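J.: My questions will all concern the structure given below.
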């Protein structure tokens, strides 16, 4: 997926273009919004779109914008599907690519249970934030899709509920301690989380533990650099001469070209 700094650098680069060569053009738009390098523009219907695209592409030699316009009163931007109503208001819904096949994390996958909970919470929160209408229908479709990925109805319904936001009590900010460990199972992860949190509260109450688990191995079993075949010791070797004769030997020292 590239460097983690990629989106930040792209955002800084686009901001510099917006504040300098593209500033006069952007000021003429009715609406201009951007997410990293994807822009959403509402302009006058008499605007010359080909000329507008050329202005954006001429702002810097390393950028190459493409243009998508409204079709049949509909348009999509990122994961938002927009429909223009008769009164020019916008109806929002979830946009899915034609290649979308409804595949998420399978519930039987060996991943932390918290990721499965967060998947439901993230997808349902996105629906509640984006959809202006038909939110109930989208939540039903999400529930059906999750069940196809072997999520149980009870687990889905429990995590589909909106989380109540409690009032934040002002207190001394705690230092966040990040710790990433290898995932060995849900039971082991929960036991480890409780024990580490309890130990941290006793020894360093000014810290807040953020424990995450990775399904990948965090430490390589081969800590040392791999040696070449010629640096191998305690081995049996076979040598073939130019006349075709073969010799099989054994050595406790390193197998080096100079010795052969």
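J.: Considering only residues that are touching a helix residue (DSSP H, G or I) at 6+ places or on another chain (Cβ under 7 Å) and in contact (Cβ under 8 Å) with a residue 24 or more places away in the chain, look in the range 53-64 and name the one that is farthest from residue 25 (Cα to Cα).
T.: Keep residues of the range 53-64 that are touching a helix residue (DSSP H, G or I) at 6+ places or on another chain (Cβ under 7 Å), which gives 55, 59-60, 63-64.
So of that shortlist, the ones also in contact (Cβ under 8 Å) with a residue 24 or more places away in the chain come out as 55, 59-60, 63.
Numbers: 55: 8, 59: 11, 60: 15, 63: 17 Å.
In this case the residue turns out to be 63.
J.: A follow-up question, please. Taking residue 197 as the residue in question, decide whether it is surrounded by 10 or more Cβ atoms within 10 Å (Cβ to Cβ), in the same structural domain as residue 82 (by TED's automatic domain parsing) and farther than 29 Å from residue 78 by Cβ.
T.: Values: surrounded by 10 or more Cβ atoms within 10 Å (Cβ to Cβ): yes; in the same structural domain as residue 82 (by TED's automatic domain parsing): no; farther than 29 Å from residue 78 by Cβ: yes.
For residue 197, the condition - surrounded by 10 or more Cβ atoms within 10 Å (Cβ to Cβ), in the same structural domain as residue 82 (by TED's automatic domain parsing) and farther than 29 Å from residue 78 by Cβ - is not met.
J.: Next up: Looking at the range 159-182, is at least one residue assigned to a loop (DSSP other than H, G, I, E, B) and surrounded by 16 or more Cβ atoms within 10 Å (Cβ to Cβ)?
T.: Initially, the range 159-182 is screened for residues assigned to a loop (DSSP other than H, G, I, E, B), giving 161-174.
After this cut, where a residue has to be surrounded by 16 or more Cβ atoms within 10 Å (Cβ to Cβ) as well, the list is none.
Looking for residues that are assigned to a loop (DSSP other than H, G, I, E, B) and surrounded by 16 or more Cβ atoms within 10 Å (Cβ to Cβ), one finds none in the range 159-182, hence no.
J.: May I ask you to list the residues in the range 80-106 that are touching a residue at least 40 places away in the same chain (Cβ under 8 Å) and either part of a helix (DSSP H, G or I) or over 19 Å from residue 212 (Cα atoms) (or both)?
T.: Of the range 80-106, the ones touching a residue at least 40 places away in the same chain (Cβ under 8 Å) are 80, 90-94, 102-106.
The answer is 80, 90, 91, 92, 93, 94, 102, 103, 104, 106.
J.: Restricting the search to the range 1-30, which residues are closer than 30 Å to residue 89 by Cβ and either touching a residue at least 12 places away in the same chain (Cβ under 8 Å) or part of a loop (DSSP other than H, G, I, E, B) (or both)?
T.: 11, 14, 18, 22, 25, 28, 29, 30
J.: What residue, among those in the range 218-236 that are in contact with a strand residue (DSSP E or B) (Cβ under 8 Å, 6 or more places away or on another chain) and within 29 Å of residue 248 (Cβ to Cβ), is modelled with the highest pLDDT?
T.: Per the criteria, the residue is 236.
J.: What number of residues within the range 32-47 are in contact with a helix residue (DSSP H, G or I) (Cβ under 9 Å, 6 or more places away or on another chain) and loosely packed, with under 11 Cβ neighbours inside 10 Å?
T.: 0
J.: Would you be able to say whether some residue in the range 114-134 is out of contact with any helix residue (DSSP H, G or I) (no Cβ under 7 Å at 6 or more places or on another chain), closer than 24 Å to residue 41 by Cα, surrounded by 15 or more Cβ atoms within 10 Å (Cβ to Cβ) and not assigned by TED's automatic domain parsing to the domain that holds residue 32?
T.: Step one: list which residues in the range 114-134 are out of contact with any helix residue (DSSP H, G or I) (no Cβ under 7 Å at 6 or more places or on another chain), which gives 114-116, 118-119, 122, 125-126, 129-130, 132-134.
If we keep only those that are closer than 24 Å to residue 41 by Cα too, we end up with 126, 129-130, 132-133.
Cutting the leftovers down to surrounded by 15 or more Cβ atoms within 10 Å (Cβ to Cβ) gives us 126, 130.
Checking which are not assigned by TED's automatic domain parsing to the domain that holds residue 32 leaves us with 126, 130.
So far as the range 114-134 goes, yes, one or more of its residues are out of contact with any helix residue (DSSP H, G or I) (no Cβ under 7 Å at 6 or more places or on another chain), closer than 24 Å to residue 41 by Cα, surrounded by 15 or more Cβ atoms within 10 Å (Cβ to Cβ) and not assigned by TED's automatic domain parsing to the domain that holds residue 32.
J.: I'd like to check something: does the range 120-131 contain any residue that is outside any helix (DSSP H, G or I) and within 17 Å of residue 39 (Cα to Cα)? Reasoning before the result, please.
T.: Here is the first cut: in the range 120-131, the residues outside any helix (DSSP H, G or I) are 131.
Subsequent filtering for residues that are within 17 Å of residue 39 (Cα to Cα) retains none.
No, every residue in the range 120-131 fails to be outside any helix (DSSP H, G or I) and within 17 Å of residue 39 (Cα to Cα).
J.: Could you grab me the full set of residues in the range 36-53 that are farther than 14 Å from residue 14 by Cβ and either assigned to a loop (DSSP other than H, G, I, E, B) or at pLDDT below 85 (or both)?
T.: Filtering the range 36-53 down to residues farther than 14 Å from residue 14 by Cβ leaves 42-53.
Once the filter is applied, which keeps residues that are farther than 14 Å from residue 14 by Cβ and either assigned to a loop (DSSP other than H, G, I, E, B) or at pLDDT below 85 (or both), the range 36-53 yields 43, 44, 45, 46, 47, 48.
J.: Pick from the range 79-113 the residues that are more than 20 Å from the chain's Cα centre (by Cα) and surrounded by 15 or more Cβ atoms within 10 Å (Cβ to Cβ): which of them is nearest to residue 150 (Cα to Cα)? Show your work before the answer.
T.: Restricting attention to the range 79-113, the residues satisfying the condition of being more than 20 Å from the chain's Cα centre (by Cα) are 81-93, 98, 108.
When the remaining residues are screened for being surrounded by 15 or more Cβ atoms within 10 Å (Cβ to Cβ), the result is 81-83, 91-93.
Numbers: 81: 28, 82: 31, 83: 33, 91: 32, 92: 29, 93: 25 Å.
Within the range 79-113, the match that is nearest to residue 150 (Cα to Cα) is 93.
The values are calculated or read from the model by the stated rules, or taken from the named source; none is laboratory data. It should be emphasised that the depicted structure is a prediction, and the values quoted were computed from it without experimental measurement. Reconstructed Cβ throughout: ideal geometry from the backbone, glycine too, with neighbour counts over all protein chains shown.
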